[in-house]
Amino acid sequence: MFIFLVFHCNLIWAECDTTSLNKKIEESKQYFSSNPNLAIQLSKDVLDQSRKCNLQRTTANALKNLGIIYYNKGDYISALE
């Protein structure tokens, strides 16, 4: 039972690791113009994980990235969502 709890807590902690999420945010910025679809996918992954973990600043950064990417693509409606 103890091993299961420790393993479960480690999985939750790994998913809510702000350092790895912030690295993904920075990685997505590298693809804004060269591969916007990959940048969108990375930002959406961070957005999903940060919302699950209630990480407001990381959520805001992911949303900001998505807005910038969609704006650069000319998809203004998606940029506003």
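The values are calculated or read from the model by the stated rules, or taken from the named source; none is laboratory data. The structure presented is a predicted model; accordingly, all values stated were derived computationally and were not measured. All Cβ positions, glycine included, derive from the backbone under ideal geometry; neighbour counts span all protein chains shown. Please note that ligands, DNA and RNA were not included when accessible areas were found on the heavy atoms of the full protein model with its side chains. Shrake-Rupley method; radii C 1.70, N 1.55, O 1.52, S 1.80 Å.
Filtering region 66-75 for residues that are in contact with a helix residue (DSSP H, G or I) (Cβ under 7 Å, 6 or more places away or on another chain), outside any helix (DSSP H, G or I), modelled with pLDDT of 95 or more and open to solvent by less than 100 Å² (accessible area, probe 1.4 Å) leaves an empty set. Within region 15-52, being open to solvent by 40 Å² or more (accessible area, probe 1.4 Å), polar (S, T, N, Q), within 16 Å of Gly67 (Cα to Cα) and modelled with pLDDT of 95 or more holds for Gln30, Asn35, Asn37, Gln41.
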